[in-house]
Amino acid sequence: MILVTGGAGYIGAHTNKALNQAGYETVVVDNLVKGYEDFVKWGHFENYNFGSKDLREVFEKYDIDGVLHFGAFSSVAESVELPQKYFKNNYKNTINLLQIMREFGVNKFILSSTAAVYGNPEKVPITEDQELKPINPYGHSKFITEKALEREAAKGDFNYVALRYFNAAGCDFDCEIGELHEPETHLIPLVLDAAIGRRDSISIFGTDYNTPDGTCVRDYIHVNDLAKAHIDAYEYLCNENESNVFNLGNGKGFSVKEVIDMVKKVTGKDFPVKLDERREGDPDILIADATKIKDKLGWTPQYDLETIVESAWNWHKKIYQD
Ligand code: UDP
């Protein structure tokens, strides 16, 4: 049985579906602060905070072989406003989970990490061996969690994989689950809101970045590609007695302006685009070099930006139009 924390959230729910389709049994642990019980359509569900001592009850009830840890707060902007919230939930509560895993002899762990651990990278595409210099509390909370895992693995009888996500986007092709954040802060769903008429316009946060068109460049990766990488990483932990860290991205960068143009193309809708101030904590360019995971696990992303936007648009229409 695989324990999936945060399995009622966006990436966790997509991975939980993929795990069940691949024949794994899962138990989702989520306190539904950010997640949706409706998204847990596969496996078991337990409502717990992964930072609570009561989480032991889940380990007593199920025969857990490994943990996929999605549970976390993930808004860069909010982390700048409320750093303690991020360090407590993303770091301290993860330590609680690790303590309980040790107690029950569970020794396989996959962390949802982030490209935000790199800060403003010295060169792009970014390889895993670049120095980690996070520039916002969200990235910092994941950085110290990675360090805690490194120490835990050094103690022995424990292996982990940290997956550094670039920009997760897109939705389940069956539209059974999708991206739903409250409040929404991510670019693609916000632009889709403008396309569907839920907002009057979209604002570009900063046009003076050191990029070809002045807007931030990001590497958008389909959530199903991310889900598949977790299965590959879990199989790696089952077969090899080692830990590792991998970037997860497409290796291609798109500017905010290019994403907006893609949404206009896919949806056939036009809407006003406003040029706004920079948002604090945003690096200029984040593009993954994902060679390491391709070489080591044989993982390759399947979906491009157009498919990402199409799948997100289908989900958007389902929840806001049908
Ligand atoms: N962004 C923007 N307008 C918005 C939301 C986001 O210009 O309404 C920009 C944001 O500044 C960043 C990029 O879009 O450069 C991606 O932001 P998102 O929050 O989706 O992901 P992040 O890169 O912060 O994880």
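The values are calculated or read from the model by the stated rules, or taken from the named source; none is laboratory data. Here the structure is a predicted model, which means the values were calculated and not measured. Neighbour counts are summed over all protein chains in view; Cβ atoms, including those assigned to glycine, are modelled from backbone coordinates with ideal geometry. Each accessible area value is taken on the protein alone, full model and side chains, heavy atoms only, with ligands, DNA and RNA left out. Shrake-Rupley method; radii C 1.70, N 1.55, O 1.52, S 1.80 Å.
Numerical summary
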{"quantity": "Unmet criterion (only one of (1) part of a loop (DSSP other than H, G, I, E, B); (2) over 19 Å from the mean Cα position of the chain (by Cα)) for Tyr303", "calculated": "(2)"}
{"quantity": "Exclusive hit being under 26 Å from Ala227 (Cα atoms), in contact with a strand residue (DSSP E or B) (Cβ under 9 Å, 6 or more places away or on another chain) and touching a residue at least 60 places away in the same chain (Cβ under 8 Å), set Glu128, Glu152", "calculated": "Glu128"}
{"quantity": "Which numbered condition Cys238 fails, given (1) more than 14 Å from the ligand (Cβ to nearest atom); (2) over 19 Å from the mean Cα position of the chain (by Cα); (3) part of a loop (DSSP other than H, G, I, E, B)", "calculated": "(3)"}
{"quantity": "Any hit, the range 65-80, residues being over 16 Å from Val161 (Cα atoms), among the hydroxyl-bearing types (Ser, Thr, Tyr) and touching a strand residue (DSSP E or B) at 6+ places or on another chain (Cβ under 7 Å)", "calculated": "no"}
{"quantity": "Residues satisfying the stated conditions in the range 252-269, i.e. assigned to a loop (DSSP other than H, G, I, E, B) and away from the ligand (no atom under 16 Å from the Cβ)", "calculated": "Gly268, Lys269"}
{"quantity": "Where Phe158 falls short, out of the listed (1) in contact with an Asp or Glu (Cβ under 7 Å, 6 or more places away or on another chain); (2) more than 30 Å from Arg102 (Cβ to Cβ); (3) away from the ligand (no atom under 15 Å from the Cβ)", "calculated": "(2)"}
{"quantity": "Hey, Gln99 in a loop (DSSP other than H, G, I, E, B), of a type outside the set (A, V, I, L, M), more than 19 Å from the chain's Cα centre (by Cα) and at pLDDT 95 or above or not", "calculated": "no"}
{"quantity": "Any hit, the range 95-103, residues being outside the structural domain of Phe205 (by TED's automatic domain parsing), touching a residue at least 12 places away in the same chain (Cβ under 8 Å), surrounded by fewer than 15 Cβ atoms within 10 Å (Cβ to Cβ) and closer than 30 Å to Pro283 by Cβ", "calculated": "yes"}
{"quantity": "Exclusive hit being surrounded by fewer than 23 Cβ atoms within 10 Å (Cβ to Cβ) and outside any loop (DSSP other than H, G, I, E, B), set Ala116, Ala148", "calculated": "Ala148"}
{"quantity": "Identity of the residue in the range 270-293, surrounded by fewer than 15 Cβ atoms within 10 Å (Cβ to Cβ) and farther than 13 Å from Cys216 by Cα, that ends up farthest from the ligand (Cβ to nearest atom)", "calculated": "Thr291"}
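So that you can scan it fast, the table gives a plain yes or no per residue for (1) farther than 25 Å from Pro183 by Cβ; (2) open to solvent by less than 50 Å² (accessible area, probe 1.4 Å):
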position	(1), (2)
Gly7	no, yes
Tyr10	no, yes
Asn16	no, yes
Gly23	yes, no
Tyr36	no, no
Asn49	no, no
Leu55	yes, yes
His69	no, yes
Ser74	no, no
